[in-house]
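Below: the structure, in structure tokens.
The values are calculated or read from the model by the stated rules, or taken from the named source; none is laboratory data. If you're wondering where the values come from, they're calculated on a predicted model, not measured in any experiment. With ideal geometry, Cβ positions are generated from the backbone for all residues, glycine too; neighbour counts draw on all protein chains shown. Just so you know, the surface numbers come from the protein's heavy atoms only, side chains and all, with ligands and any DNA or RNA stripped out. Shrake-Rupley method; radii C 1.70, N 1.55, O 1.52, S 1.80 Å.
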Amino acid sequence: AAAPRQPEPKILVADDDPAVRELLTRLLARYGLPVESVADFAETLAALRRAPPRLLLCDLHMPGAGAFDFFRRIESEGLIGGVAVVVVSGSPPGPNVEAYIRERGWPYLGKPFELGAFHAAVAAVLSR
């Protein structure tokens, strides 16, 4: 795997629901970082290749590759090193994805999520 590039001071929101992207973008404004949003795994991959963000908020169920294949791909390409990740999804992850998320210590938030839990998860990963 390639050496991780230094993350840019921005947040990448990946969710196929426009209303959720807009909500997350508004909620993330308090962290003082620009927010870019994308709607599927292909756009997320392209954004990560352009410049890794400080934080990736990623839905598990979007058009394109499955979440497990997507996460393995970005890791094998060296795109996730140094990037904080919070997983947000309306349905629970399958066993492979659940184990993958747990092994990496990424917070998982089920939708709908409590605002307190959301901000606690974001603050925790940004402070790492």
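Starting from residues that are of a type outside the set (A, V, I, L, M) and buried (at least 18 other Cβ atoms within 10 Å of the Cβ), keep the ones in the stretch 89-105 and report whichever is farthest from residue 60 (Cα to Cα). I'd like the intermediate steps shown before the answer.
Our first condition is that a residue be of a type outside the set (A, V, I, L, M); within the stretch 89-105, this holds for 89-96, 98, 100, 102-105.
Applying the additional criterion that residues be buried (at least 18 other Cβ atoms within 10 Å of the Cβ) yields 89, 93, 100.
Details: 89: 6, 93: 7, 100: 12 Å.
Selected residue: 100.
Which helices (runs of 4 or more DSSP H) does the stretch 62-128 wholly contain that include 3 or more residues that are in contact with a Leu (Cβ under 9 Å, 6 or more places away or on another chain)?
Working: elements: 67-76, 95-104, 115-126.
Fully inside the stretch 62-128 and qualifying: 67-76, 115-126.
Go over the candidates 42, 84, 65, 117 one by one and state the one that is under 17 Å from residue 8 (Cα atoms) and of a type in the set (A, V, I, L, M).
Just a single option satisfies the conditions, and that option is 84.
Given the options 19, 42, name the one that is over 14 Å from the mean Cα position of the chain (by Cα) and among the small types (Gly, Ala, Ser).
So the residue among 19, 42 that is over 14 Å from the mean Cα position of the chain (by Cα) and among the small types (Gly, Ala, Ser) is 19.
With 42, 47, 29, 19 as the choices, which residue is out of contact with any Lys or Arg (no Cβ under 9 Å at 6 or more places or on another chain), closer than 24 Å to residue 95 by Cα and in a helix (DSSP H, G or I)? First the steps, then the outcome.
On the way: 47 fails: closer than 24 Å to residue 95 by Cα; 29 fails: closer than 24 Å to residue 95 by Cα; 19 fails: closer than 24 Å to residue 95 by Cα.
Sole residue among the options that is out of contact with any Lys or Arg (no Cβ under 9 Å at 6 or more places or on another chain), closer than 24 Å to residue 95 by Cα and in a helix (DSSP H, G or I): 42.
Going through the stretch 46-79 one residue at a time, which ones are open to solvent by 20 Å² or more (accessible area, probe 1.4 Å) and without any contact (Cβ under 8 Å) to a residue 40 or more places away in the chain?
Listed by number, the residues that qualify are 46, 49, 50, 64, 65, 66, 68, 69, 72, 73.
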